[in-house]
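What follows is a short report on a single structure.
The values are calculated or read from the model by the stated rules, or taken from the named source; none is laboratory data. Just so you know, these numbers come straight off a predicted model, no measurement behind them. Positions of Cβ are generated from backbone atoms using ideal geometry, with glycine treated the same way; all protein chains shown enter the neighbour counts.
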Amino acid sequence: MSNENKTEEMEDDVLNNIESQEVEQDNSSVGNEDLEKEEELSLEEQLQEDLNKEKDKFLRLFAEFENYKRRTSKERMDLFKTAGQEVIVSLLPVIDDFDRALKEVSKSENQEMFKGVELISNKFKETLKNKGLQEIEVKQGDAFDAELHDAITQIPAPSKKLKGKIVDVVEKGFKLGDKIIRHPKVVVGN
């Protein structure tokens, strides 16, 4: 019986060995499945992170493009508004000359010549007005504004109520649209 016992013990050892190997294989396959799941999760997280980065890039690029469109549209509108600014600025001395001519011709006795020059002057000013030119209204006694007026000199005020105010307008000012293209040149009382 001792041989039988030994044989049985050996069989039990072999069976235990086989069972322990099967358990180890089951444990390792469970471990492999866990590792695969973790890899899938980390891969999924990585893909989600990459997707979020690309979405962020896209949104930034889209916002940048919208800003570009808005800026170029505004620049184009400003260009259309002031397209003839250079030409109009060069014509401002002609307006000044017409005003001086009207002043002198009105002194003469030839009224037909005065009416002719006045008609031409009005037509010229009206044409420029249709192109967006506006005269800046300034008169004696208005308050001096350094952002709007260009003070060429200061003189003692002829009266106390003209102190710090405009005494005389030397040259008219003009706006083209909302932009001042020539500041009125004024004399200020001090």
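Worth a mention:
- Residue pairs meeting the criteria (Cβ under 6 Å; at least 6 apart or on separate chains; first polar (S, T, N, Q), in segment 47-65; second at pLDDT below 95): none
- K161 satisfies every condition listed in (1) part of a loop (DSSP other than H, G, I, E, B); (2) modelled with pLDDT under 90 except (1).
- Members of segment 101-142 that are β-branched (V, I, T) and out of contact with any Pro (no Cβ under 9 Å at 6 or more places or on another chain): V105, V117, I120, T127
- One residue from E135, E118 being touching a strand residue (DSSP E or B) at 6+ places or on another chain (Cβ under 7 Å) and among the acidic types (D, E): E135
- Scanning segment 167-190 for residues being in a strand (DSSP E or B) and farther than 20 Å from D97 by Cα gives a total of 6.
- Test: residue in segment 69-82 that is modelled with pLDDT of 90 or more, closer than 24 Å to H149 by Cβ and either surrounded by 13 or more Cβ atoms within 10 Å (Cβ to Cβ) or in contact with a Ser or Thr (Cβ under 9 Å, 6 or more places away or on another chain) (or both): no
- The residues of segment 150-164 that are charged (D, E, K, R) and more than 37 Å from the chain's Cα centre (by Cα), listed by number, are K160, K161, K163.
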